[in-house]
Amino acid sequence: MKRLLQPVPLVCLAWLALLAALALGAGAIAPHDPHLPAIKHRLASPGALYWLGTDDLGRDTLSRLIFGARTALLASFESVGIGLAAGVSLGLAAGYLGGWWDRVAMRLADVMQSIPALLLALALIGVLGKGLANAMVAVGVIFAVSFLRITRAVVLAEREQLYVDAARVLGLRPFAILLRQILPNIAAPLIVQASIALGTALLIEAMLSFLGVGAESNEVSWGAMLDTARQFQSQQPLLPVFPGLAITFSVLAFNLLGDVLRDAMMPAGTAHPRAATLAPAAPADTPPPPAAEDALLAVRDLTVAAPGGAELLSGVSFHLRRGETLGLVGESGCGKSITAAAIMGLLPAGVGVASGSIRLGGAELVGLPESELRRVRGKRAGMVFQEPVAALSPVHTVGRQLVDAVRAHEGKTGRLSGRAARERAAELLAMVGVPDPRRRLDDYPHQFSGGMAQRVVIAGALACEPELLIADEPTTALDVTIQAQVLDLLMDLRERLSMSVLLITHDLGVVADACDRLAVMYAGQIVETGTVEAAFARPRHPYTAALLAAMPRGEGSGTALATIPGRVPPAWDWPAGCRFHPRCAHALPGCAAAPVALADGVRCRRSGELHLQGTA
């Protein structure tokens, strides 16, 4: 909604509201009869009697523009309405039913889209006859093909969602599932496409009327006004200006409004258009575990969804106390990096937070505009990425990048000078253990080893001494010796700066050395939380136990390393019920029956009866 209150969409809405008012009240607003000729005033210039002049028959240009708005809007909404009704209906059926329905519909669409739109419209008008109504029916058929393709594409992904299966289990008929379940969930892209199509329809109507196959002689059309202007432009140069501007502004208004609706309804990092109905068959943990009173970071019931509707995260809840290090562990594809990206407001384009809350020091981060998030990043929360060289610009010196980080959060008043910012950058390098820091400010990233480059990235993350540091696999690309040095550095900095650290890693050995508590993540969900000592000594979830069993222990040759069978499923194919049950040695048939809530720090139906083996 905030995007619609920006200057550009407000201007577009104001223009379209003006057109609608003129169209509805044309008879009362127009100063003259748009069809009444006045030969003695033909081709008159703008004046007191005729504000915008007259045409070749002496008809008032302003009055014709006002009545032309009615024609333009009626024609646009007629054609788009026909396209929506026919295209969405066929797309729903083709996408949901599949089989020969889908094949026949798509072959028809392929044939129709192989013909240029204007030629197809002229051919249909030749069959249906001239006239604005027939012309817009022809245009509506063209739009129907476009809406059919869009609807079918989103329904193909949507029909696989759990809420559709739940509707089938409840006994809903296919027609009810399509209209009451699927259609509301795919409305966002259709609304955006319809807005853009309205501008296109207006332009096509003007084009057809210009060619003489659109509006009749007793109807006023901006396209027909342009055709008249073409013939008498040499005698009255202003004649084509006003209808041309009306068409241009109207088409731009519809298109720009469509762009704004697209960004508002499908942005990255904000509410997802399917937030209200994402997988109702899989209820969220209710209520999520309360965060500790001294929690700096509190993530509650966080669900992140991709454009196709796949849930990358489902009901993720955890908290991080002040001065604490929390380890977030799990295999690749479990959602650890997506969790970090959601906290920092760095989700990929098209991926959004569907529901839940992320609070940093009591301030809600979900839904914050980009300008507000920029004040949080760096100043209150820093992040260290797993590829240090990739996180640094190769064309700028390290000093330039650190100076930019230092000065990014300085106010307009009291802004650090270049010299002071450079001194601060040197201090940061010294703080993270880079030798000869002042000289190395002029070096480029490729001149640093992997370990030193990671220290530079950490220095940049600490430029404003944030309260929270998110370290996403900070030691993955480093050798074992350097890994230990970087971890020691992070822990030392945590103590010196009184930071909280969210450490994302695959390595449980790192967790044992560096973390106070851990949160184990699998398939987009938190499956166990607790202190490191308790989780290692007595894991409560089979996945945690399997990860511990797979840790190398240096027990000598001849001992086979334990593995977890299978792999983490992709986000669009999460298993029903407990998501770990297909790989779990302790799974029972009931584990696949229904989703499992996170209760008392564990997400397992059998946690109370299993005695899982831990490690020292």
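The values are calculated or read from the model by the stated rules, or taken from the named source; none is laboratory data. Treat the numbers as computed from the prediction; the structure is a model and nothing was measured. A quick note on method: Cβ atoms are made from the backbone with ideal geometry, for glycine too, and the neighbour counts reach across all protein chains shown. The protein model used for the area step is the full one, side chains on, heavy atoms only, and it has no ligands, DNA or RNA in it. Shrake-Rupley method; radii C 1.70, N 1.55, O 1.52, S 1.80 Å.
In the chain, helices alone account for a calculated mean residue ellipticity at 222 nm of -14500 deg cm²/dmol, with every DSSP H run of four or more residues adding -39,500 (n - 2.57). Each of Lys40, Lys336 has its accessible area taken with a 1.4 Å probe; listed largest first, they run Lys40, Lys336.
Shape index of region 71-264: Rg/Rh, with Rg the Cα radius of gyration and Rh the Kirkwood radius from the inverse mean 1/r over Cα pairs, equals 1.08. Dipole size of the chain about its Cα centre, with +1 on Lys/Arg Cβ and -1 on Asp/Glu Cβ: approximately 600 debye, rounded to the nearest 20.
Kirkwood Rh, Cα Rg: Rg to Rh for region 460-616? Radius of gyration over Kirkwood radius for region 460-616 works out to 1.00.
Long hydrophobic helices in the chain: the complete DSSP H runs spanning 30 Å or more by Cα along their own axis with mean Kyte-Doolittle hydropathy of at least 0.5 are 61-97, 132-158, 187-210, 241-265. For Ser498, the accessible area of its heavy atoms, probed at 1.4 Å with every protein chain present, is near 90 square angstrom.
Mean silhouette area of region 537-615, derived from the convex hull of its C-alpha atoms and averaged over all directions, reads 6.2 nm². Each principal axis of the Cα cloud of region 332-433 was taken in turn, and the coordinate range along them, longest first, works out to 45, 35, 23 Å. When nucleic acids and ligands are ignored and a 1.4 Å probe is applied, Trp15 ends up with an accessible area of around 70 Å².
Sorted largest first, the principal axis extents computed over the alpha-carbon atoms of the chain equal 104, 69, 42 Å.
If I compute solvent accessible area with a 1.4 Å probe over the protein chains, what percent of it on region 71-264 is carbon and sulfur?
Percent of accessible area from carbon and sulfur atoms in region 71-264: 67.
For the chain, the antiparallel share of DSSP beta bridges with both residues in that region comes to about 55%. Placing dummy labels 7 Å off each Cα toward the beta-carbon, the span from Asp33 to Asp488 is 9.7 nm. Counting only residues at least eight positions apart within a chain, or on another chain, the aspartates and glutamates with an alpha carbon under 12 Å from that of Lys379 are Glu410, Glu465, Glu467.
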